[in-house]
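Reading through the structure tokens given below for one structure.
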There are 2 protein chains.
Amino acid sequence: MEDQNKLLVIPLGGLGEIGKNMTVFQYGDDIVILDAGLAFPDDDMYGIDLVIPDITYLKNNIDKVRGVVLTHGHEDHIGSLSYLLREINVPVYGTRLALGLVEGRLKENNVGACKLVPVQAGDIIQLGIFKVGFIQGSHSIPDACGIYFNTPVGTVVHTGDFKIDQTPVDGKLIDIHKFAELGNKGVLLLMSDSTNAERPGYTGSEMEVSITLDDAFQQSRGRIILATFASNVSRIQQAIHSACKYKRKVIIFGRSMVNVVNIATQLGYLEMPEGTLIEPEEMNNYREDQVLILTTGSQGEPMSGLSRMATNNHRTVSVNPGDTVLIAATPIPGNETSVSKTIDNLLRLGAHVVYEKISGIHVSGHASQEELKLMLNLVRPKFFIPVHGEYRMLKQHGKIAERLGIPKENILIGENGCVFEFTSDSAKINGKVPSGKVFVDGLGVGDVGNIVLRDRQQFSQEGVVIVVVTLQKEGNIILAGPDLVSRGFVYVRDSEELMNEAQFRVQTALENCLGNNIMEWATLKQQIREALGKYLYEKTGRRPMILPIIMEV
Amino acid sequence: MEDQNKLLVIPLGGLGEIGKNMTVFQYGDDIVILDAGLAFPDDDMYGIDLVIPDITYLKNNIDKVRGVVLTHGHEDHIGSLSYLLREINVPVYGTRLALGLVEGRLKENNVGACKLVPVQAGDIIQLGIFKVGFIQGSHSIPDACGIYFNTPVGTVVHTGDFKIDQTPVDGKLIDIHKFAELGNKGVLLLMSDSTNAERPGYTGSEMEVSITLDDAFQQSRGRIILATFASNVSRIQQAIHSACKYKRKVIIFGRSMVNVVNIATQLGYLEMPEGTLIEPEEMNNYREDQVLILTTGSQGEPMSGLSRMATNNHRTVSVNPGDTVLIAATPIPGNETSVSKTIDNLLRLGAHVVYEKISGIHVSGHASQEELKLMLNLVRPKFFIPVHGEYRMLKQHGKIAERLGIPKENILIGENGCVFEFTSDSAKINGKVPSGKVFVDGLGVGDVGNIVLRDRQQFSQEGVVIVVVTLQKEGNIILAGPDLVSRGFVYVRDSEELMNEAQFRVQTALENCLGNNIMEWATLKQQIREALGKYLYEKTGRRPMILPIIMEV
């Protein structure tokens, strides 16, 4: 890896997963980092708040890092910057919207002075040996960029998150000319978004959503409540357009939505005509058909605005018959059930609910197969790494490239931590660097590991039975206990008999030990665990965690 | 509800949910139960194995129950029979396949002598005042039935789970003539399957899967591994047909799959030519292209055959490049992530994986909108209850009926426990009976309630810190402790400082209490919880469950 004439491309996140995107580009003594995102925890990561990439490799090469370049302002691309910058304080380059969102995050996380450098599509910056260019893209947030790197061994093009939207809401077409020009000049490596590689055809334009929105606004005689991702500024813009057209005032709920709207409005990314936005307190000054409520919660997140409304727990808004609720987002895999529950609850309250399955209320922000083919054919790279996707998406994207004539051996499917090594005419995977999931739980970063998670998992399935006993020091006399305390196992009031007998079993096991002069705590605890575990399994078919605690007086 | 001239229809499960279907039909002193299913637990039902309906209403009316009639043999229709029959031992009527599957279940659950009465489509039985007829249906299991009830106030038609498959694998067409005939004579009430009410168009025929299967068999030069629901006998039949055509032997893994294949073969529902089925040990006597492996695990269930293969944990089969894996099922909502992980792992092992998203390897067993319309138009009932669906599916099905001309007030959308009350020309919801989720955890039925679940949930998110202290009786002296034991909170070896300081805080709080002669345990525990909780939250941003235990000597 120390070969100075090679380009190294090292994904620290985003390969084999959707989320926590981060890629290292290294040539000689220069490193540039592309994106620094977070991922949301899987169901089996009990109690974890966020997951961020392992940056050990960067910390070990801290002197080489010249900067971070950002493709766009979504959490899975900027969400771990706070943690990265705390360790490695380097300049960050991105469009104004992305940096605006970053700034908010840094403040929240109390990260001190950082150098944030705004760029725009078309700009080229020099970072060490790398010439880095920003290309206008199109995605579900304004000013998403593709990024290319001119390196001594050739040009690398990274699409960022993109689709080829021919009628983008902000009017900024993806710069297909630039991709074509780069393709013409010759591209060593393309790294392209694989999110929708399994999806045939074309992804719809954000503009298509406008039609559904307009229909809904036209038909509704009551309040309209629209839930979407806070970061989907294009969707929010369309909702505001519709509100103006149909003379509705806009009220915003949800901290992240309020933040994004503020930042995007201040920076000129969101057009919010004077007098459109009103405060929640003012809502009652207007008729129901004069109101549009924008809220978070399109993923059914339990504490979000929409979920609270659906369960009648929102401090300001109670949903009534006559209200129209528009859920303008697709459930992210894993969220299907909570989104469905939210829809069901809103229907139970009598609302009219418009959701993706029965309408055109959402389009994806990512390119489908035909767009991916177009990108590959425009850029016609020598080598190809499908990125931003779970393993099967990468594979599928690889197959697409193969069918377009890229030789199979030039398509590199890897995982986080792989070191992709390039010369001007060769490519291989050469070793691995530390990579993986770093868990953020509350204030702790990386302090919750597998042991803690395993315990949480066992608790969550079977509960715990704690056995406490006080023994006389240097004697074999039980002074107090054994007392049994259980949580998450059985409801004690209904299980007195079970728990009494369990206590008796423990007592017998203990007395046996003490009678035989067995005094080692480890053995005592083992005997307690065995006697109690066996009895409880016989009676209940469950295996709670058993936690013996011995006190000595 | 005691009006003797009214028909009561009481769903105890399956309304507002997919799963645990059970409906009570009552007229005067006669009750017939239609289906007795189970549901699988939601993510937030920590550690629960199964969910079954609350049968309090039936236990309170035990003398009236004349029997159970089954529409078909899927778990969500027969899975709680063992629990029902233990409490209410009445005859069970169903087709031979359904009863064969029931028999297996009863044995497993050690349920004693029960009267299982085989019927076939076309049969009519008398149960109390009800004349009950079975109608040939079509679904993803053979011999699925619709059921109608002739009652003094009119005829009720229940579709069971159905689709209108014009080319069923077993050749048995759904008896559209019978539905038409009933419609002609006049139907008081239709209850129809709402699973796919959100889905436009028609559901594909099981036969369509054959084309994809045949392709896969034709192209594969290695082993073929096919995963599907054990209960999808039609799918299994097609796989066996393909195996025979392409001269492959069949090996079956997974207890439930082995059971179902045995029962279905014995009863003549599955055609398994002599010499097709071989034992796992014989597999190595054959070339890779002479082998078809059938396995469970199409839902990514962690302990299933396919998941074990995907993680290299299967005792017999290790997946290699060259193997083709066919996943012939759709992920049930909530299982998307585990299915995706299984696919990813199989791809990592080098297998070629065919799954629904990229192929026609699965079709639903449930009618889509056009079929639902056909059913409604055939039966043209006076009243309509959409059943078998989550709330939004019921609503959507109701809308479909409305568009076909059924008056809105004749469409009854209810939930579990609703008492639907009918005369020959009126219908209303009249009160509720106990209904809800009864949790099965290990051997316990109903002994895990909300308190236990809440504890499990809290553990799973934040872990637990146990504080133990031994006090002298009638004094205010600490004899031992306070000792802190934590699980699922922090990894103790890395957090000594935190835990030492925490212990000091508890000690101080305790000494303060004792110094002030505060000796009530409740107060002591409260003080410990407050001091410790505050400190830990400050330092970690987490709120573990704090469990103070006081011993007295």
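The values are calculated or read from the model by the stated rules, or taken from the named source; none is laboratory data. As the structure is a computational prediction, the values presented were derived from the model and not from experiment. Ideal geometry is used to build each Cβ from the backbone, glycine not excepted, and the neighbour counts take in all protein chains shown. Protein only, heavy atoms only, side chains kept; ligands, DNA and RNA dropped before computing areas. Shrake-Rupley method; radii C 1.70, N 1.55, O 1.52, S 1.80 Å.
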Pairs of alpha carbons in region B:463-552 whose separation is greater than 19 Å (percent):
33
Cα pair distances exceeding 18 angstrom across region A:71-215, given as percent
62
Can you give the relative contact order of region B:391-433 as a percent, counting alpha carbon pairs under 8 Å and 6+ residues apart?
28
Diffing region B:370-378: the Karplus 3J(HN,Hα) column from phi (6.51, -1.76, 1.60, θ = phi - 60°), in whole Hz with x for Gly and Pro, holds 5, 5, 5, 4, 4, 4, 4, 6, 5
I'd like the mean, over residues of A:535-548, of how many other protein chain beta carbons sit within 10 Å of each residue's own Cβ.
3
Applying the Karplus parametrisation 6.51 cos²θ - 1.76 cosθ + 1.60 with θ = phi - 60° to the phi angles of region B:427-433, what ³J(HN,Hα) value in whole Hz is obtained for each residue in order, glycine and proline being reported as x?
8, 7, 8, 10, x, 9, 10
Burial order of peptide ranges A:379-385, B:144-150, B:371-377, B:524-530 (average beta-carbon count within 10 Å, highest first):
B:144-150, A:379-385, B:371-377, B:524-530
The B/A contact buries a total accessible area, at probe radius 1.4 Å and rounded to the nearest 100 Å², of 5600
Which percent of the accessible area of chain B is formed by carbon and sulfur heavy atoms (probe 1.4 angstrom)?
47
Could you derive backbone 3J(HN,Hα) for region A:23-32 from the dihedral phi with the Karplus parameters 6.51, -1.76 and 1.60 (θ = phi - 60°), listing whole Hz in sequence and x where the residue is Gly or Pro?
10, 9, 10, 9, 9, x, 9, 10, 10, 10
How large, in Å, is the protein assembly as shown by the Kirkwood hydrodynamic radius built from its alpha-carbon pairs?
32.6
Going 7 Å from Cα along the Cα-Cβ axis for the label, what nanometre distances separate residue A:273 from the same residue across the other copies?
7.4
Which three extents, in angstrom, do the Cα atoms of chain B have along their principal axes, listed largest first?
87, 70, 47
Of B:344-356, B:106-118, A:115-127, ordering from highest average Cβ density within 10 Å down gives B:344-356, A:115-127, B:106-118
Take region B:206-358, drop everything but the C-alpha atoms, weight them equally and run the Debye formula without solvent; then report log10 I(q)/I(0) at 0.12, 0.14, 0.20 Å⁻¹ to two decimals.
-0.44, -0.61, -1.36
Along the charge dipole of chain A, which of A:89, A:11, A:268 sits closest to the positive end, that is, farthest toward it, with unit charges on the beta carbon of Lys, Arg, Asp and Glu (+1, +1, -1, -1)?
A:268
Between the label point of residue B:180 and that of the same position in each other copy, find the distances and list them shortest first in nm, with every label point placed 7 Å from Cα along the Cα-to-C-beta direction.
5.9
Can you give the charge dipole size of the protein assembly as shown about its Cα centre, rounded to the nearest 20 debye, using +1 on the beta carbon of Lys and Arg and -1 on the beta carbon of Asp and Glu?
1080
Shielding score for A:326-336, defined as the mean number of other chain Cβ atoms within 10 Å:
2
Which of the residues in region B:428-443 show a loss of at least 50 Å² in accessible area from their chain by itself to the complete set of protein chains, at a probe of 1.4 Å?
B:443
Lys/Arg +1, Asp/Glu -1 at C-beta; the protein assembly as shown dipole; positive extreme among A:476, A:363, B:458
A:363
At a threshold of 8 angstrom on Cα-Cα distance, excluding pairs fewer than six apart, so keeping six or more, what relative contact order does region B:463-552 reach in percent?
40
Kindly rank A:431-437, A:92-98, A:157-163, B:322-328 from highest to lowest mean number of other beta carbons found within 10 Å of each residue.
A:157-163, A:92-98, B:322-328, A:431-437
Relative contact order of region B:206-358: what whole-number percent is it, with Cα pairs under 8 angstrom and at least 6 residues apart?
28
For region A:18-149, with only Lys/Arg (+1) and Asp/Glu (-1) charged at the beta-carbon, what is the dipole magnitude about the Cα centre, in debye rounded to 20?
540
In terms of modelled amide H atoms, which long-range or inter-chain residues lie less than 5 Å from the amide H of residue B:552?
B:471
Counting other Cβ atoms within 10 Å, keep those with at most 14, restrict to DSSP loop, and tell me which GluC sites (Glu not before Pro) in region A:195-271 are left.
A:271
Largest-first principal axis extents of the Cα set of region B:348-444 (Å):
63, 43, 18
Neighbouring partner chain Cβ atoms per residue of B:452-458, average, 10 Å criterion:
6
